[in-house]
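Structure record follows, encoded as structure tokens.
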Ligand code: SF4
Ligand code: SF4
């Protein structure tokens, strides 16, 4: 049976207030109110941005959605977990301060930011699943404990997952630190001769896996946790992943962790993809030079996390006339791994019916 995916056109040029109104219109038209009950603790999963990257979905754009949850008398809170990377989202204190600076706060939205994985990203709950790679996944404790979820994903490209949207927001973005490490565990970078020995990767590696040799940096693959920080910080493009070798495993892991996030919340979670400001890399990249790879399209929403991602990928590809790997210039990647695996493990369906809202 197909899943309904609701769609409304919008663009950054509409302005934040109109984008918020359109997201709210979508929520109402889709009848999502039935997914939330009075008194629910409802996680509103977002990405609060990673400065100086400025292409994340801004807090006023989700105000209408928060107002819908408040009108339903739930107890919504802005939720995001600690990142593996060093930076402003590495622990709950710095993350909350950043969220506040970016307007994900009581003043702008009327609800607080709460890290569902605790101060250090270690507050986790083991969820049993019947996955191909995992029989248990480690999810942020308060994501598991809350009764409902409203997920807001910014659709972007991604250097390993190829497309980052709802499945990645759930799988990676709602896992504990250990859960994230497990997802990345198959990926190991190496350093090419373009290395200038600047030392940035050495300074940022959370696992102390990097040493500076005579001609280039070296990575100890036994210590490396595959977090990708060295790839992100190297200004010389000297740290490489063999993406083609491992991205399939990462994407399957993401899908299986997403399954753990929604387990027990069937019909109690809704998933929004904002397909605007679509950049080649995801919002975790702390770079200013993020440029759009496709014109703004709009907002997609569904109670099916697989269908909403499939519909978003399909429309980005049809509007641009290119596949996402072509848009990213990375032919080895393929976004279908996570979608097809998610469908295979019962997270949702790729068979969708697109319903456009005026
Ligand atoms: S950040 Fe890049 S250039 Fe600098 S030491 Fe590491 S690999 Fe070499
Ligand atoms: S060497 Fe491994 S652990 Fe260290 S930053 Fe790179 S990917 Fe992360």
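The table that follows gives values for the structure above.
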item	result
Qualifying residue in segment 165-188 (condition: assigned to a helix (DSSP H, G or I) and without any contact (Cβ under 8 Å) to a residue 60 or more places away in the chain)	yes
Among the candidates 115, 160, residue that is in contact with a helix residue (DSSP H, G or I) (Cβ under 8 Å, 6 or more places away or on another chain), in contact (Cβ under 8 Å) with a residue 60 or more places away in the chain and in a loop (DSSP other than H, G, I, E, B)	160
Index of the failed condition, residue 205 passing every other in (1) buried (at least 21 other Cβ atoms within 10 Å of the Cβ); (2) away from ligand 2 (no atom under 16 Å from the Cβ); (3) more than 30 Å from residue 65 (Cβ to Cβ)	(2)
Residue 103, sole failed condition from (1) surrounded by fewer than 20 Cβ atoms within 10 Å (Cβ to Cβ); (2) at pLDDT 95 or above; (3) farther than 27 Å from residue 12 by Cα	(3)
Filter result for residue 122 (outside the structural domain of residue 298 (by TED's automatic domain parsing), part of a loop (DSSP other than H, G, I, E, B) and away from ligand 2 (no atom under 16 Å from the Cβ))	no
Inter-residue pairs, beta-carbon under 8 Å, first free of Cβ contacts under 8 Å to residues at least 60 places away in the same chain and in segment 211-223, second exposed (fewer than 11 other Cβ atoms within 10 Å of the Cβ), 6+ apart	215/193; 216/193; 223/208
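Matching residues to (1) within 16 Å of ligand 1 (Cβ to nearest atom); (2) out of contact with any helix residue (DSSP H, G or I) (no Cβ under 8 Å at 6 or more places or on another chain):
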| residue | (1), (2) |
| --- | --- |
| 216 | yes, yes |
| 228 | yes, no |
| 239 | yes, no |
| 253 | no, no |
| 259 | no, no |
| 273 | no, no |
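The values are calculated or read from the model by the stated rules, or taken from the named source; none is laboratory data. Here the structure is a predicted model, which is why all the values come from computation and not from measurement. So basically every Cβ, Gly included, is an ideal-geometry build from the backbone, and we count neighbours across all protein chains shown.
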